[in-house]
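*Asks:* A single structure is presented below for examination.
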Amino acid sequence: MSGQEPVQALYITDEPAADTQLPALLTDYGPVNVTKSTTRTAALDTLTASSFDRVLLAADPADRDFSGFLEKVRDHDPAVPIIAAPEDTDVDPEGLPPGITEYLPPSVDDLVRRDLLVQRIETLTDPSATPPTRYSALSELISIATDPSVSFDTALQHATETLSQLLPVAFVSVFEYHDDGLRLRDRYDVAATQHTAGGSTMVTCPTDTIADFEGVVPLAALPATVRDSLAGDGPGVAAPIWIDDELVGLLVGSGTSFSPAEEMLFEHGADVLSWCFRRRSYADRVSQIEEQNEKIRALHQVAADLDDAKTPDSVYEMIIDAAESILEFDVAIADAVEDGVLIPKAVSSHLSEEQYYDETPIDHDDSVAAAVYQSGETSLVTNTNEADAVRADTRFLSLLTISIGEYGVFQAAAESVNAFDETDLELAELLVTHGRDRLRQLEQTQQLEAYTDTLERQNERLDAFASVVSHDLRNPLQVAIGNLQRIKTTAPDDPVATAVDELDKSLNRMESLIDDLLTLATEGELVDSLEPTSIAQVAEDAWATVPTATATLTVETDLEVTADGSRLQQLFENLFVNAIDHGGPDVAITVGELPNQAGFFVADDGPGIDPDARDVVFEHGYTTSTEGTGVGLEIVADIVAAHDWTITATESHTGGAQFEITGVDAMATDREPPSD
C-alpha cells in the first residue's frame, strides 16, 4: 500500500477490557489506523459523523442482538465491508448473522492473522490491490517448509532469504544443534545476495545456554564467545528453534534493531523453520527405519547362509564379514574360548595383527571382553578414555562387546566417540545370535556324530560278542551237554550220577545265560512292526514255550494292544520263567487287565518281592535265585521301554509278585473295563 493513505478501521467490542493485541498489531504494521469502540452506540455515532473510513472490524458478532446492529450499519452505509474477527474461540461461523463480508477464525497465529486482516482490508477497500508482501511471502514460506518434495537445505535457504527480504537485517543465519554445539547450516548475506553453506566448524554452546529463552532475544543476551561466533558485534536478535521440547537449532538475524512487529515476524520465522527440522527429522527417521529393516533382512539371509558353515571358524568369519558389509562396522573381531583364553578367530579385513590381542584370559580383571564373556551381558562403551579397561589400540574410542554364549565374544570398535547407538547394538546382537545358534548346532551335530560313532563301535563289539557266544561258546557247550547225556544213559547207577546231575544243571544254566545275553546283544530296546495284538493269545503262546512243570496259568482279559507280537511274547516268557524260578514248580500265574488305567499285569502266588528290592529287580545281573541269570527282567524292561510303556513291580492280591505294564495303546472295543 505504498503511496496510499492508511486505511481507517473501526474495531468494535462489547468488553471495555478486551484484548487489544490485534488492533495494536495492525496499527504497528503501518497501512491501517485502528480506532477502538467499546459500545455499538458509540460505533454508530462515529460512522454517522463521517469521520471514519468505510471498513468495520466486528469483534464478537454472534450474539442474538447483533443482527439489529448490522441492519443499522447497513442503513448508514450499505457498501461498507464488515470483517468478523472474534476473539472467542467458541464462535460458530455457521451461526453468524447475514451481512458479514469476511470471517477470520481466532485460532490462526497472531502474526498470520494480522497479515490476513491487512490483506482483507486492502482488497475489500481496493479490489485491484495486491496482498501485502509479508503475508504472501510467509504463506509461501510455510508451504515450502511443509512440502515433503522440497529438500531440507533448499527450505533453509528459502527461509533465510525470505526473512532477509522482510526484515531490516544484514544477514540471517540458521544454526543446527549437534553435541552441545552449533553448526552453521545456511547464512544469507543481503549485501552480497548470496548463501553461505555450513561446514564442520562447531560453536560450543550447551543447550542450557539458551534453553530458557522465550521467543526472540537480543544477541546481547548470549555469551560473548557465542555471540561473536554467531553474528559478530552489533545489534540483532536470536530465536531458538524447537521440535516439541527438543532444542534443534537457532535463528540469528543481525544488522539493525527490530520493532515489536518485526520481532514477532522473526519469531514466526523460527516457528516455520521448526517445521523444516521436524520434516527432516521425520524423513531421517523413516530413512533410518527403512535402512534398519533392510539390514535385518540381510541379517536373516546371513542366518540362512550360516547353515552352510561346516566349522566354527567359518561361522566366525561369516559373522565378521556381515559386520563389515551389512552393519558397516569399521573394526570387528570374533574371539573363541580355548582352554580358558579368548583367542581371535576372525578379524576385519583391514585390521593388522598389532591391533588386537593374541589372547585374553577369561578371568582378566581389566578386560571388557573377559567381563562380557563371564557375565553374558552386552557392553557399550561410548568413550574408552573414560572407561576402566585395557585397550589393544588407544585409537579406538568406542567399543561394542557382545557375548557369543559359551563360545566367545564379538567386538566392534571405532576411532570416534559415540560411534555406536542402540540400533547398532540391536542389529549386532541379532547377528551374533544367528552365529551363536549355528555354533550350537555344529556342536550338537559333532556330539551326535561322536555318539553315533560310539554306538557303531559298541554295535561292532556286540556283534563280535554275539558271534563268539553263538559259535565259539555254544558249540563246545552243546558237545559237553551231549556227552553228559550219554554218561547218564550208559551209567544211570554210577556213583558219580549225583555229580553228573549237578553238572547238567550248570551246563543248562550256562545255555540259558548265553540265550539271554544273545537277546540283549542282538535285540536290546528295538521293536519291529506294531499291530493290534491280543494279550490272551500272546500269553498262551508264551506259556506253551516255557517248561511249566505243574504251574498253572489263568488269563482273565480279552484286551488288545498295539505291540510287536514277537517281543511281547518274549516279555511273557521271561515273566513266566521268573515266576516259576521264584514261586516253585506249582506256582499259580494270572494275566489280567488293570482296572483303572490302560495296561495289564502278570501276577503269581509265590513269595513276592521284598519292597526294598522292587526298584532294582530290573537292573542287570540282579537275581535272588541260585539258578537265575539276572538278565531276564532286564530284557523285560527293555521290551517295555521299546514300546514306550512303563513297568512296575508290586504285590499281588495273594501276596506274591505282580508286574504291572501301563501306558499301552489299548484298542477300542465295546467290552466293559474290569472292576476293582
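The values are calculated or read from the model by the stated rules, or taken from the named source; none is laboratory data. Here the structure is a predicted model, which means the values were calculated and not measured. Please note: Cβ atoms are built from the backbone with ideal geometry, for glycine as well, and neighbour counts cover all protein chains shown. Areas reflect the complete protein model, heavy atoms only, side chains present, ligands, DNA and RNA absent. Shrake-Rupley method; radii C 1.70, N 1.55, O 1.52, S 1.80 Å.
*Asks:* So for region 412-423 (the condition being within 25 Å of the chain's Cα centre (by Cα) and in a helix (DSSP H, G or I)), does at least one residue qualify?
*Replies:* Yes, because at least one residue in region 412-423 is within 25 Å of the chain's Cα centre (by Cα) and in a helix (DSSP H, G or I).
*Asks:* Among the residues of region 277-292, is any over 23 Å from Pro218 (Cα atoms), open to solvent by 70 Å² or more (accessible area, probe 1.4 Å), touching a strand residue (DSSP E or B) at 6+ places or on another chain (Cβ under 6 Å) and assigned to a helix (DSSP H, G or I)?
*Replies:* Yes, region 277-292 contains at least one residue that is over 23 Å from Pro218 (Cα atoms), open to solvent by 70 Å² or more (accessible area, probe 1.4 Å), touching a strand residue (DSSP E or B) at 6+ places or on another chain (Cβ under 6 Å) and assigned to a helix (DSSP H, G or I).
*Asks:* With respect to Leu553, is the statement that it is touching a strand residue (DSSP E or B) at 6+ places or on another chain (Cβ under 6 Å) and not in a strand (DSSP E or B) true?
*Replies:* Against the criterion (touching a strand residue (DSSP E or B) at 6+ places or on another chain (Cβ under 6 Å) and not in a strand (DSSP E or B)), Leu553 does not qualify.
*Asks:* Now, a different point. Would you please name the residue that is farthest from Val217 (Cα to Cα), looking only at residues in region 246-276 that are assigned to a helix (DSSP H, G or I) and among the acidic types (Asp, Glu)?
*Replies:* Filtering first and then ranking leaves Asp271.
*Asks:* Residues of region 39-58 being at pLDDT below 75, among the small types (Gly, Ala, Ser) and not in a loop (DSSP other than H, G, I, E, B), which ones?
*Replies:* Selection gives Ala58 alone.
*Asks:* Please work out which one of (1) farther than 30 Å from Glu460 by Cβ; (2) modelled with pLDDT under 90; (3) hydrophobic (A, V, I, L, M, F, W, C) is the condition Leu530 fails and give its number.
*Replies:* Result: Leu530 fails condition (1) only.
*Asks:* Would you please name the residue that is nearest to Gly583 (Cα to Cα), looking only at residues in region 631-649 that are open to solvent by 30 Å² or more (accessible area, probe 1.4 Å) and in contact with a Gly (Cβ under 9 Å, 6 or more places away or on another chain)?
*Replies:* Looking at the filtered set, the residue picked out is Glu634.
*Asks:* Between a residue in region 625-652 that is part of a loop (DSSP other than H, G, I, E, B) and any residue that is open to solvent by 30 Å² or more (accessible area, probe 1.4 Å) and at pLDDT 90 or above, which pairs come within a Cβ distance under 6 Å, given they are 6 or more apart or on different chains?
*Replies:* Taking only residues 6 or more apart or on different chains, the pairs are Trp645/Gly663.
*Asks:* Going through region 304-315 one residue at a time, which ones are open to solvent by 10 Å² or more (accessible area, probe 1.4 Å) and either part of a loop (DSSP other than H, G, I, E, B) or touching a residue at least 24 places away in the same chain (Cβ under 8 Å) (or both)?
*Replies:* Asp307, Lys310, Thr311, Pro312, Asp313
*Asks:* Return yes when Val561 is within 24 Å of Phe618 (Cα to Cα) and within 60 Å of the chain's Cα centre (by Cα) and no when it is not.
*Replies:* Against the criterion (within 24 Å of Phe618 (Cα to Cα) and within 60 Å of the chain's Cα centre (by Cα)), Val561 qualifies.
*Asks:* Look at region 228-245 and say how many of its residues are surrounded by 12 or more Cβ atoms within 10 Å (Cβ to Cβ) and either in a strand (DSSP E or B) or modelled with pLDDT of 70 or more (or both).
*Replies:* Residues flagged as surrounded by 12 or more Cβ atoms within 10 Å (Cβ to Cβ) and either in a strand (DSSP E or B) or modelled with pLDDT of 70 or more (or both) within region 228-245 amount to 9.
Here is a yes/no grid of residues against (1) among the acidic types (Asp, Glu); (2) at pLDDT 90 or above; (3) not in a helix (DSSP H, G or I):
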residue: Ala370; (1), (2), (3): no, yes, no
residue: Tyr373; (1), (2), (3): no, yes, no
residue: Leu380; (1), (2), (3): no, yes, yes
residue: Arg391; (1), (2), (3): no, no, yes
residue: Arg395; (1), (2), (3): no, no, yes
residue: Thr401; (1), (2), (3): no, yes, yes
residue: Glu406; (1), (2), (3): yes, yes, no
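*Asks:* Kindly provide the set of residues from region 316-333 that are in contact (Cβ under 8 Å) with a residue 40 or more places away in the chain, open to solvent by less than 50 Å² (accessible area, probe 1.4 Å) and of a type outside the set (Ser, Thr, Tyr), ordered by number.
*Replies:* Result: Ile319, Ala322, Ala323, Ile326, Leu327, Phe329, Val331, Ala332, Ile333.
*Asks:* Name the pairs whose Cβ atoms lie under 7 Å apart, with the first residue in region 289-300 and at pLDDT below 90, the second open to solvent by 40 Å² or more (accessible area, probe 1.4 Å) and in a helix (DSSP H, G or I), and 6 or more positions between them or separate chains?
*Replies:* Partner pairs satisfying both residue conditions: Gln292/Thr423.
*Asks:* Which of the residues that make up region 215-227 are at pLDDT below 75 and either β-branched (Val, Ile, Thr) or closer than 28 Å to Arg280 by Cα (or both)?
*Replies:* Thr225, Val226, Arg227
*Asks:* If we keep just the residues of region 172-191 that are among the hydrophobic types (A, V, I, L, M, F, W, C) and not in a strand (DSSP E or B), which is surrounded by the most Cβ atoms within 10 Å (Cβ to Cβ)?
*Replies:* So the residue we want is Val190.
*Asks:* Only one of these conditions is not met by Glu573: (1) closer than 20 Å to Gly656 by Cα; (2) surrounded by fewer than 19 Cβ atoms within 10 Å (Cβ to Cβ); (3) of a type in the set (D, E, K, R). Which number is it?
*Replies:* Single failed check for Glu573: (2).
The rows are residues; the columns are (1) under 16 Å from Leu342 (Cα atoms); (2) among the hydroxyl-bearing types (Ser, Thr, Tyr).
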residue: Val368; (1), (2): yes, no
residue: Ala371; (1), (2): yes, no
residue: Phe396; (1), (2): no, no
residue: Ile404; (1), (2): yes, no
residue: Ser416; (1), (2): no, yes
residue: Leu431; (1), (2): no, no
residue: Leu448; (1), (2): no, no
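*Asks:* Related question: Looking at the structure I just gave you, is Ala155 farther than 17 Å from Leu265 by Cα, open to solvent by less than 20 Å² (accessible area, probe 1.4 Å), under 43 Å from the mean Cα position of the chain (by Cα) and modelled with pLDDT of 85 or more?
*Replies:* yes
*Asks:* Scan region 140-171 for residues that are more than 19 Å from Gly249 (Cα to Cα) and in a helix (DSSP H, G or I) and jot them down.
*Replies:* Once the filter is applied, which keeps residues that are more than 19 Å from Gly249 (Cα to Cα) and in a helix (DSSP H, G or I), region 140-171 yields Glu140, Ser143, Gln165, Leu166.
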